[in-house]
Amino acid sequence: VHVNYDIAEDTKLRVSLTSGVSRPTYNELRASANVDPINLEIDGGNPDLDAEYAWGFDTSLEWYFADASIFSVGAFGRYVDNVIYPDTTVIADGSTFAPGVIAAGTPTTVNSFFNGENGELYGVEANFIGQATFLPGALDGFGLTANVTLLDSSFEAPTQGGATYSLPGTSDIIMNGSVFYEKFGLSARVNYQYRDAWLSTTENDSLTEFWDATERVDASVRYTVPQDINGVTFTLFANGNNLTDERDRRYVGSPRTPNQYEGFGRRYVVGLRADY
């Protein structure tokens, strides 16, 4: 349900109520398992998983204060039932998973996927897009975009005795900013991105591994040649990614115990594009 209300010609209020479902993936739901009878460990899916269900609200107040410009603030929330998460637990009788392979009554480690409880996500955000149309001459091509999102999320993990964790993939703070120039066929911008640490469950099977905070600085330039040649328009472009040569770190429990550190360096692309 979405409701839009025009408070004034340049001011709009939006409110929405939503619901959604996310079914388990094949890997999460598969009934097959790998059994290690030596180390008494089982890795596999969980065919008893329930789908995730979410109910939420969103609201925003938007002010269109100039041409191609907006300032908005918003708030949102989600309640998520049956949060799917990976974990390692010990069961009292491994023969229930592997009869005839593991002796009855033998405690066994199981790496699988489970349903969490009482998932919640709340946040506020602010967004700004503005072009300096008030400046004289060629200077009015400059502009700025910026947004920030503050999040708080949690869910309960029954396999951990009801302990709470943040929802996988959610950061407490996400920020983006861009300075740009758009005029005379020239488009140039410098972008900055930042996000706080987040729980990563897509590359591991535990609730203890996190990707540390990351930053990125990118830049791009485009220039469209004003004269076409036999109907063909040419654009010169150059891109630079990760200009500050940031590295990414994944850790277990604390940044003092990293288990992965990777960097791909700076990357530059220049080229010529023809449209016909």
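Give the distance, in whole Å, between the Cα centre of the range 60-118 and the Cα centre of the range 189-262.
With the range 60-118 and the range 189-262 each reduced to a Cα centre, they are spaced 26 Å.
How much mean residue ellipticity at 222 nm does the chain get from its helices, if each DSSP H run of length 4 or more adds -39500 (n - 2.57) and you divide by all residues, to the nearest 500 deg cm²/dmol?
So the helix-based figure for the chain works out to 0 deg cm²/dmol.
With the other protein chains left in place, how much accessible area per residue, in square angstrom, belongs to the range 6-77 at a 1.4 angstrom probe?
63
Got a number for carbon plus sulfur as a percent of the chain's accessible area, 1.4 Å probe?
Within the chain, the accessible surface is 57 percent carbon and sulfur.
In whole Å and largest first, what semi-axes does the C-alpha gyration tensor of the chain yield when each eigenvalue is scaled by 5 and square-rooted?
47, 26, 17
Once the Cα gyration tensor of the range 13-141 is diagonalised, what are the square roots of 5 times its eigenvalues, in whole Å and ordered largest first, as equivalent ellipsoid semi-axes?
53, 17, 11
Determine the per residue accessible area of the range 86-195 with all protein chains present and a 1.4 angstrom probe, expressed in square angstrom.
Here the per-residue accessible area is 50 Å².
About its Cα centre, how strong a charge dipole does the chain have in debye, to the nearest 20, once Lys and Arg get +1 and Asp and Glu get -1 at the Cβ?
Charge dipole of the chain: 940 debye, to the nearest 20.
Going toward the positive end of the dipole of the chain, with +1 on Lys and Arg Cβ and -1 on Asp and Glu Cβ, which of Gly143, Ala103, Leu186 do you reach last?
Value computed over the given set: Leu186.
The values are calculated or read from the model by the stated rules, or taken from the named source; none is laboratory data. Quantities reported herein were computed from a predicted structural model and do not represent experimental measurements. Note that each Cβ is placed from the backbone with ideal geometry, even for glycine, and that neighbours are counted across all protein chains shown. For the accessible areas, the whole protein counts, side chains as well, though only heavy atoms, and no ligand, DNA or RNA atoms are used. Shrake-Rupley method; radii C 1.70, N 1.55, O 1.52, S 1.80 Å.
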